[in-house]
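Take a look at the structure below.
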Amino acid sequence: MLDPRERLVEVSDARVALVVSTYHGSVTGRLERGARAALAEARVRIEGIETVQVPGAFEIPFAARRAAVTGRFDAVVCLGCLIRGETFHFEVLAAAVAQGVMMAAAETGVPMTFGVLTTTTMEEALERAGDGSSNKGWEAAAAAVQLIAVTRRLARRSRRSRPSHPAPRPHRGRRT
């Protein structure tokens, strides 16, 4: 978890997709506001943020992957809310969404963060979507900002360490 006392790195030119489930909208709307607050703190311009709404949490990985493959985004923040019911449905959905987001990030190489609440009650969900840096949407967006910075730093190091000319190929002919 990000220490909320630490200042977020500035990534003013970043482009971030917020994939937001509309199911339990009273919660996910608050998660989105928290995410936007973290991105504002990192100086991400408003025009660099795009919200993609999906009907439920199960659809988040699909939309996140589609957003990533456009090449338009430096990171994707996934926001949703699952509240435990009396059936096994909750566990199935929670596992599928987590696995789907992880697979989408691995397949595309675009950082994706998980701000999908899995709670027992609506009250718990609302508590985790409150104001300030304890909002799980804020935390997911702050993690995305950190991943954007890490990705950029690694890309710079990779360019610097690459030789300016191709390395010689080992001889593969017969040995005499």
Six or more apart or on different chains, Cβ atoms under 7 Å: show the pairs whose first residue is in the range 109-134 and at negative phi and basic (Lys, Arg) and whose second is crowded, with 16+ Cβ neighbours inside 10 Å and in a strand (DSSP E or B).
ARG128/LEU117; ARG128/THR119
Test for VAL44: is it surrounded by 22 or more Cβ atoms within 10 Å (Cβ to Cβ), touching a residue at least 12 places away in the same chain (Cβ under 8 Å), farther than 20 Å from VAL116 by Cα and not charged (D, E, K, R)
yes
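Being touching a Phe, Trp or Tyr at 6+ places or on another chain (Cβ under 7 Å) and either outside any loop (DSSP other than H, G, I, E, B) or farther than 26 Å from SER12 by Cβ (or both) narrows it down to one residue among ALA105, ALA96, ALA68, ALA125; which is it?
On the way: ALA105 fails: touching a Phe, Trp or Tyr at 6+ places or on another chain (Cβ under 7 Å); ALA68 fails: touching a Phe, Trp or Tyr at 6+ places or on another chain (Cβ under 7 Å); ALA125 fails: touching a Phe, Trp or Tyr at 6+ places or on another chain (Cβ under 7 Å).
Testing whether each residue is touching a Phe, Trp or Tyr at 6+ places or on another chain (Cβ under 7 Å) and either outside any loop (DSSP other than H, G, I, E, B) or farther than 26 Å from SER12 by Cβ (or both) leaves just ALA96.
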Subset of the range 108-117, residues assigned to a strand (DSSP E or B) and either in contact with an Asp or Glu (Cβ under 9 Å, 6 or more places away or on another chain) or modelled with pLDDT under 95 (or both), comes to THR113, GLY115, LEU117
Condition met for ALA38 (part of a helix (DSSP H, G or I) and under 18 Å from VAL150 (Cα atoms)):
yes
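Within the range 110-146, take every residue that is of a type in the set (Ser, Thr, Tyr) and under 21 Å from GLU91 (Cβ atoms) and give me the one that is surrounded by the most Cβ atoms within 10 Å (Cβ to Cβ). Even if it seems obvious, please write down each step before you answer.
Step one: filter the range 110-146 for residues of a type in the set (Ser, Thr, Tyr), giving 113, 118-121, 133-134.
Filter again for under 21 Å from GLU91 (Cβ atoms), leaving 118-121.
Details: THR118: 21, THR119: 19, THR120: 11, THR121: 10.
Going through the qualifying residues, I end up with THR118.
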For the range 19-34, pairs from a residue that is in contact (Cβ under 8 Å) with a residue 12 or more places away in the chain and within 17 Å of THR119 (Cα to Cα) to a residue that is among the basic types (Lys, Arg) and crowded, with 21+ Cβ neighbours inside 10 Å, with Cβ under 7 Å and 6 or more apart or across chains, are LEU31/LYS136
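The values are calculated or read from the model by the stated rules, or taken from the named source; none is laboratory data. It should be emphasised that the depicted structure is a prediction, and the values quoted were computed from it without experimental measurement. Cβ sites come from the backbone with ideal geometry, for glycine too, and all protein chains shown count toward neighbours.
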